[in-house]
1. Grab the DSSP H runs of the chain that are 4 residues or longer, score each as -39,500 (n - 2.57), total them, divide by all residues and round the 222 nm result to the nearest 500 deg cm²/dmol.
2. Just to confirm the number: angle between the C-alpha axis of helix 23-62 and the first principal axis of the chain, 0 to 90 degrees, nearest 10?
3. Just want the answer: with Cβ charges of +1 for Lys and Arg and -1 for Asp and Glu, which residue in G113, T40, Q11 is farthest toward the dipole's positive end in the chain?
4. Counting other Cβ atoms within 10 Å of each Cβ, which GluC sites (Glu not before Pro) in region 93-190 have at most 12 and sit in a DSSP loop?
5. Determine ³J(HN,Hα), in whole Hz, for all residues of region 110-121 in sequence, where each value follows from phi through the Karplus function 6.51 cos²θ - 1.76 cosθ + 1.60 and θ = phi - 60°; x replaces Gly and Pro.
6. May I ask you to compute the full-extension gain from Y33 to D3, defined as 0.36 nm times their residue separation minus their alpha-carbon distance, rounded to one decimal in nm?
7. 7 Å from Cα along Cα→Cβ at both S168 and A116: what's the point-to-point distance in nm?
8. May I have the extent of the alpha carbons of the chain along their three principal axes, as whole Å values ordered from largest to smallest?
Amino acid sequence: MSDFLTLMCVQLQNQNPLSPTDPQEYMNQLVSYASLGEQTQINEQLGNVTTALASLLAANAVGYVGHTVEALGKTNALTGGEATWNYTLGSDASKVAIKITDESGKTVYTTTGETAAGEHSFVWNGKTSSGTTAPDGAYTISITATDAAGNSIDATTSVIGTVTGVDSSSGTVMLQIGDAEVAFANIIAIKS
């Protein structure tokens with residue numbers, strides 16, 4: 001407010017007395033300055049609300065630690081020889097190919113999946129296509145579904161796992177499931 005008054009006084013002191021500012025134009029400027037001050041205050045208050053909301057979400061997310069959740073996503077943790085995903089097909093498929101890749105993007109396992117429309121569960125036991133056991137870590141599933149004509153069918157995936165921690169250092173609340181992370185906003189179910 002003091003900046004506004006200072007600016008107004010300087011403008012009055014420095015206007016040309018032979019050609020004073022038009023009263024209507026002067027009022028428009030005053031309204032603009034007042035609006036700018038209000039917008040600045042609103043932006044500061046919104047920043048405070050955003051910070052408080054992020055803290056609240058992080059505090060709420062801590063309550064998920066130790067619980068099994070389902071979240072939209074493709075990357076899950078292989079822990080103790082098991083990783084679980086769900087996939088949902090929008091319609092019946094004639095072929096469903098499932099591919100598991102490691103953190104470097106290398107394909108470690110491929111198989112076929114259920115072809116009926118709806119939700120299906122896929123549990124990977126950590127065995128690679130060559131028969132070796134994959135180390136614990138983050139793995140990504142890819143579902144490719146096609147109909148009899150070879151057209152793609154929509155498939156959404158979700159991960160299922162036990163929450164082991166919470167990380168909000170990036171500004172987004174992320175739930176840790178072993179070596180994998182899912183956004184808190186992507187949680188669709190709590191299993192236990």
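1. The per-residue figure over the chain is -10000 deg cm²/dmol.
2. Approximately 30 degrees, to the nearest ten.
3. Working it through, the farthest residue towards the positive pole turns out to be G113.
4. E103
5. 9, 7, 10, x, 4, 10, 6, 4, x, 8, 9, 9
6. The span from Y33 to D3 would gain 9.8 nm if fully extended.
7. Calculated label separation equals 4.3 nm.
8. 92, 43, 30 Å, listed from the longest principal axis down.
Bear in mind these aren't lab numbers, they're just calculated from the coordinates by the rules spelled out. Since the structure is predicted, the reported quantities are computational estimates derived from the model, not experimental observations. With ideal geometry, Cβ positions are generated from the backbone for all residues, glycine too; neighbour counts draw on all protein chains shown.
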